[in-house]
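The values are calculated or read from the model by the stated rules, or taken from the named source; none is laboratory data. Everything numeric here is computed off the predicted structure, so don't read it as measured data. Cβ coordinates were reconstructed from backbone atoms using ideal geometry, including for glycine residues, and neighbour counts include every protein chain displayed. Calculation scope for accessible area: heavy atoms of the full protein, side chains included, ligands and nucleic acids excluded. Shrake-Rupley method; radii C 1.70, N 1.55, O 1.52, S 1.80 Å.
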Amino acid sequence: MKWLSVAEISKITMIPAPTARRYASLFKDFLSSKKMGRVTKYPESAVEIFKRIVTLYNEGMVTTEIEQQLRSEFPRTIEISPSERGVPAQPAMNIQAELSGAFADMMDKMSKSLEVIADQKSIIEEQREDIYKLKKAFVLLARSQKKIKALPQLDIKSITEEYGERTNALEQKDIELEEATTELAQENTNLKHKLEIMEAELIRLRKDRREMENYFTDKIKRLNG
């Protein structure tokens, strides 16, 4: 059986990599997977599930509705632990394996959190770009209004009043957009700060993991000796 990473599935399905990682996290109950080194990989059959998820989102379904639909179409995956398989293990090795598994799970969750932050950062950047375009459009509209007001006065008073009201509305909208941009910039700064903290914590966890593994390796050698 061929196993694929999220990046490989992204290329096959044409789903953006951040979106594919989010789907893998949201619908992990329906995706068989296994760790290969530091990378989580999925069987080729998972490609169809990713495509189905995209189709359901495009049809207007929300996440909970998609879960129900997938539950009716695909079996949910079940993780089987070594003890359930009836495979005996040495006590010391069991302790080391449990600790390694716990650290690996913690690091996996940390990586997923970093991916979510990266996705949020990308969304914020897109929103800021949209706001910039809207502001530019409002500026152009405001200039047009001023040019119209500079034209020779028309006899129809109601038209002039209507343009004045629209100009005031545009100016108010510009103020609101400026406030929204400031808030988004602050949120982006906070996200960057959180990302730096989480990256530092991830480095510390990796160091702790290595030290813990070395400690238990020495402990096992002493027990065996």
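Which of the following residues is farther than 23 Å from Ile117 by Cβ, at pLDDT 95 or above and assigned to a helix (DSSP H, G or I): Thr19, Thr55?
From the options Thr19, Thr55, the qualifying one is Thr55.
Residue under question is Ser122, and the condition is that it be within 30 Å of Thr19 (Cα to Cα), modelled with pLDDT under 70 and part of a helix (DSSP H, G or I); does it hold?
Taking the combined requirement at face value, the residue does not satisfy it.
Is there any pair linking a residue in the range 36-53 that is more than 15 Å from Ala17 (Cα to Cα) and open to solvent by 40 Å² or more (accessible area, probe 1.4 Å) to one that is polar (S, T, N, Q) and assigned to a loop (DSSP other than H, G, I, E, B), with Cβ under 8 Å and at least six apart or on different chains, and which?
Ser45/Ser32
Going residue by residue through the range 145-155, is there one that turns out to be open to solvent by less than 80 Å² (accessible area, probe 1.4 Å) and farther than 30 Å from Lys109 by Cα?
Scanning the range 145-155 turns up at least one residue that is open to solvent by less than 80 Å² (accessible area, probe 1.4 Å) and farther than 30 Å from Lys109 by Cα.
Looking only at the range 171-198, how many residues end up being in contact with a helix residue (DSSP H, G or I) (Cβ under 7 Å, 6 or more places away or on another chain) and within 18 Å of Met110 (Cα to Cα)?
Here the count works out to 4.
Which of the numbered conditions does Lys11 fail, given that it passes all the others? Conditions: (1) in a loop (DSSP other than H, G, I, E, B); (2) open to solvent by 60 Å² or more (accessible area, probe 1.4 Å); (3) within 22 Å of Asp119 (Cβ to Cβ).
Result: Lys11 fails condition (1) only.
Output the qualifying pairs, or none if there are none: Cβ atoms under 7 angstrom, residues six or more apart or on different chains, first residue in the range 160-173 and over 13 Å from Lys135 (Cα atoms), second residue open to solvent by less than 60 Å² (accessible area, probe 1.4 Å).
Taking only residues 6 or more apart or on different chains, the pairs are Tyr163/Gln145; Arg166/Gln145; Thr167/Ala142; Thr167/Gln145.
Of these, Leu177, Leu195, which one is in contact with a Lys or Arg (Cβ under 6 Å, 6 or more places away or on another chain), of a type outside the set (S, T, N, Q) and within 30 Å of Lys133 (Cα to Cα)?
Within the list Leu177, Leu195, the selection yields Leu177.
Which is in contact (Cβ under 8 Å) with a residue 24 or more places away in the chain, under 30 Å from Ser122 (Cα atoms) and in a helix (DSSP H, G or I), of Glu183, Glu187?
The unique qualifying residue is Glu187.
Name the residue that is most open to solvent (accessible area, probe 1.4 Å), counting only residues in the range 160-188 that are closer than 23 Å to Lys147 by Cβ and among the acidic types (Asp, Glu).
Result: Glu165.
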